[in-house]
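Read-outs throughout are calculated quantities, based only on the coordinates presented, and are distinct from any laboratory measurement. Note that this is a predicted model, so its numbers are computed, not measured. We place every Cβ from the backbone using ideal geometry, glycine too, and count neighbours over all the protein chains shown.
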Amino acid sequence: MDDQGNKILGTERIPKLLIKFAIPCIMSLLISALYNIVDQIFIGNSPELGYLGNAATSVVFPLTVIAMAVTFALGDGAAAFLSIC
């Protein structure tokens, strides 16, 4: 690996880095939301679950997003801390 690849965080402009690292995160959140929409469609069409199933998935989805945010933050923080050590 060349030295330039290792120094990109210190030499590249911040807006460019922000876009470079934010796009994969935004895409993963959009795919997760699309997954939830498809779940809502299938659960809503189910004769056994119907609106109660949609209510349950509507309550759980934000909790899932919060749990993912906490685990990603802890994982990234732990990785950075171990790299520093």
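Considering only Met68, Thr57, Ala22, the residue lying farthest towards the positive end of the dipole of the chain is Ala22, judged by Cα position with unit charges set on Cβ. Within the chain, the proportion of C-alpha pairs whose separation exceeds 17 Å stands at 67%. Rounded to 0.05, the FRET efficiency of the Phe42 and Phe21 pair, given R0 = 30 Å and the Cβ-Cβ distance, is 0.35. Which residue fluctuates most in the GNM of the chain (Cα springs below 10 Å): Leu49, Leu18, Leu30? Top of the fluctuation ranking is Leu18. In this Cβ point-charge picture (+1 for Lys and Arg, -1 for Asp and Glu), the chain has a dipole of about 260 debye about its Cα centre.
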